[in-house]
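The values are calculated or read from the model by the stated rules, or taken from the named source; none is laboratory data. Note that the structure is predicted; figures quoted are calculated from it, not measured. Neighbour counts are summed over all protein chains in view; Cβ atoms, including those assigned to glycine, are modelled from backbone coordinates with ideal geometry.
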Amino acid sequence: MTQEELLVLIYSKDEKAFTHLYDMYSKSLFAVINTLVKNREEAEDVLQEVFVKIWKNIDSYHESKGRFYTWIINIARNTSIDKLRSKNFNNSQKNLSSDNFVNLLDDSNKLSHKIDAIGIQEFVKKLKPKCIQIIDLLFFKGYTQQEASEELAIPLGTVKTQNRNCINDLRLYLKL
Amino acid sequence: MDTKQYIDSGILELYVYGLLSETENMEIAALAKEYSEINDEIISIEKAIVALSSTFSPFHSVANYEKIKTKLELKHGKIVEMTPARSKYTYIGWAAAVVLLLGIGYQYQQLNETNNQVVEINSEKENLIKTVDSLGIKNKTIETSLAVIRDPKNTVVSLGGQTVSPASFAKIYWNKETKAVYVDASGLPKPPKGMVYQVWALKLAPVLTPTSIGLLTNFTANDQKIFEVSDTGFAEAFGITLEPEGGSVSPTMEQLYTLGKV
């Protein structure tokens with residue numbers, strides 16, 4: 001289902017729309033939330049909150065402002081960060097930088113797709129450590145280019161292109 | 001516009017990630033509308049990052065999915081269903097109450113019927129007891145009659161039919177010791193209404209002197225047709241005449257049914 005098809009369903013407030021929305025994006029959102037909020041239970045609460053926000057604020061989204069997926073990923077990141085702030089995780093920023101989304105694999109038996117996970121683990125081995133870091137910071141943690149360049153100690157101008165190369169590697173592997 | 005160079009810059013990835021300003025977002029959204037290769041590239045990047053991140057998603061419970069649906073009040077349909085379901089239970093409740101009432105009513109009726117049957121059976125029983133009693137009495141009477149008739153000291157007098165009714169006959173059992181007289185009137189026809197048979201003890205010489213020794217009252221009701229009449233110490237013959245109800249002082253000889261000498 002494309003974004004456009006999904007949006008038609010969502011605007012009609014069809015119950016099926018929610019099911020599709022959940023099937024398409026809940027895992028992606030939950031992975032992002034978990035890299036930020038490291039507590040599984042709290043992450044589930046955040047996921048609930050995120051879907052409530054998506055559903056209630058759907059009218060404030062317009063395709064002219066960007067991708068629907070982008071809009072919901074931003075909601076997931078912002079809600080997670082709000083959660084961290086409310087919990088006074090003062091040292092969280094530092095801790096966040098020390099681990100990344102790949103750490104979610106540590107708890108491999110809890111992964112939703114074990115079979116996929118076997119494939120992805122091999123892929124992760126192939127994926128350059130630089131790529132894991134840069135995708136983790138930019139996509140999962142929502143760092144700005146400036147913040148990422150400082151964190152990774154690379155020139156600001158190369159953040160974008162390095163990330164692009166990593167995504168290209170990923171697309172090659174996923175045949176996208 | 002050199003779309004390839006634009007795509008290679010890596011800005012579309014940041015666009016999908018959501019790291020650009022609102023102005024940049026609107027520019028790219030417009031470009032995506034204009035250039036299909038830009039739009040296709042955006043969709044591919046999005047698919048790649050959705051696939052990557054989804055793969056790293058930890059397990060999350062189905063219960064959470066249900067919780068979210070509840071929060072979004074998406075279970076309205078089910079709640080609406082609950083209302084008729086609840087009223088259905090109400091109907092079932094009422095139906096059960098009605099059935100119970102009907103059941104009690106039926107049981108009450110059954111009880112009444114049973115009580116009535118008990119009363120009926122009791123009255124039947126009483127009737128039967130009465131019948132048995134009356135049969136006992138009857139039996140006793142018959143036994144007494146038989147005993148009287150069978151008494152060897154009896155003098156049996158056969159009375160033959162006379163002119164009025166030649167086919168009639170009767171028997172007199174007369175115990176000369178006890179003077180008791182019994183009449184077997186089974187050979188007599190049923191008397192007409194308002195009439196009654198009268199039994200006479202007759203003295204033949206020197207003059208025919210009849211003495212009434214009784215009426216065969218309740219002739220029809222007496223099944224055995226054996227009647228006890230008044231004691232007689234002396235008689236030379238017996239006769240039975242048909243007389244008006246209540247009997248006569250002297251016999252109506254024209255209505256002499258049977259006659260026999262001792």
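At-a-glance table
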| quantity | calculated |
| --- | --- |
| Residues located in the range A:41-66, provided they are facing chain B (nearest Cβ under 7 Å) and either free of Cβ contacts under 8 Å to residues at least 24 places away in the same chain or buried (at least 21 other Cβ atoms within 10 Å of the Cβ) (or both) | A:GLU44, A:LEU47, A:GLN48, A:PHE51, A:VAL52, A:SER64, A:LYS65, A:GLY66 |
| Inter-residue pairs, beta-carbon under 6 Å, first under 22 Å from B:LEU259 (Cα atoms) and in the range B:146-164, second aliphatic (A, V, I, L, M), 6+ apart | B:VAL157/B:ILE172; B:VAL157/B:VAL262; B:LEU159/B:ALA170; B:LEU159/B:LEU259; B:GLY161/B:ALA167; B:GLN162/B:LEU256; B:GLN162/B:LEU259 |
| Enumerated helices (runs of 4 or more DSSP H) restricted to the range B:1-43, each holding at least 2 residues that are more than 21 Å from A:GLN162 (Cα to Cα) | B:22-34 |
| Enumeration of residues in the range A:44-66 that are within 18 Å of B:VAL50 (Cβ to Cβ) and part of a helix (DSSP H, G or I) | A:LEU47, A:VAL50, A:PHE51, A:ILE54, A:GLU63 |
| The range A:1-12, residues that are of a type outside the set (Asp, Glu) and either under 13 Å from the mean Cα position of the chain (by Cα) or more than 9 Å from chain B (Cβ to nearest Cβ) (or both) | A:MET1, A:LEU6, A:LEU7, A:VAL8, A:LEU9, A:ILE10, A:TYR11, A:SER12 |
| Near pairs, Cβ below 6 angstrom, 6+ apart or cross-chain, from the range B:31-59 (aromatic (Phe, Trp, Tyr)) to any residue that is crowded, with 22+ Cβ neighbours inside 10 Å and in a helix (DSSP H, G or I) | B:PHE56/A:ALA31; B:PHE56/A:PHE101; B:PHE56/A:LEU104 |
| Given (1) within 13 Å of B:LEU14 (Cα to Cα); (2) in a helix (DSSP H, G or I); (3) free of Cβ contacts under 8 Å to residues at least 12 places away in the same chain, number of the condition A:LEU138 does not satisfy | (3) |
| Selection from the range A:27-46 of residues that are in contact with a Ser or Thr (Cβ under 7 Å, 6 or more places away or on another chain), of a type in the set (Val, Ile, Thr) and within 12 Å of B:SER57 (Cβ to Cβ) | A:VAL32, A:ILE33 |
| Qualifying strands (runs of 3 or more DSSP E) (wholly inside the range B:80-185; at least 1 residues being farther than 22 Å from B:THR220 by Cα, among the basic types (Lys, Arg) and modelled with pLDDT of 85 or more) | none |
| Where a residue in the range B:77-100 is over 30 Å from A:ASP14 (Cβ atoms) and its partner, wherever it lies, is of a type outside the set (Asp, Glu) and modelled with pLDDT under 85, with Cβ under 6 Å and at least six apart | none |
| Residues being among the hydrophobic types (A, V, I, L, M, F, W, C), surrounded by fewer than 20 Cβ atoms within 10 Å (Cβ to Cβ) and at the interface with another protein chain (Cβ under 7 Å from one of its Cβ atoms) - total across the range B:51-66 | 2 |
| Positions within the range B:8-41 being within 7 Å of another protein chain (Cβ to nearest Cβ) and among the polar types (S, T, N, Q), in sequence order | B:SER9, B:ASN25 |
| Top-ranked residue of the range A:17-40 - restricted to ones that are basic (Lys, Arg) and in a helix (DSSP H, G or I), ranked as nearest to the other protein chains (Cβ to nearest Cβ) | A:LYS27 |
| Matching residues, the range B:204-246, being touching a helix residue (DSSP H, G or I) at 6+ places or on another chain (Cβ under 7 Å) and modelled with pLDDT under 90 | B:GLN224, B:ILE226 |
| B:MET195 being free of Cβ contacts under 8 Å to residues at least 24 places away in the same chain, touching a strand residue (DSSP E or B) at 6+ places or on another chain (Cβ under 8 Å) and within 19 Å of B:PRO166 (Cβ to Cβ) | no |
| Residue satisfying all of: in the range A:144-176; at the interface with chain B (Cβ under 8 Å from one of its Cβ atoms) and under 23 Å from A:ASN34 (Cβ atoms); modelled with the lowest pLDDT among these | A:LEU174 |
| Whichever residue in the range A:67-88 is over 21 Å from A:LEU138 (Cβ atoms) and outside any helix (DSSP H, G or I) and, among such residues, is farthest from the other protein chains (Cβ to nearest Cβ) | A:ASN88 |
| Extreme residue, surrounded by the most Cβ atoms within 10 Å (Cβ to Cβ), among residues of the range B:208-262 that are within 60 Å of the chain's Cα centre (by Cα), farther than 20 Å from B:SER186 by Cβ and of a type in the set (Asp, Glu) | B:ASP231 |
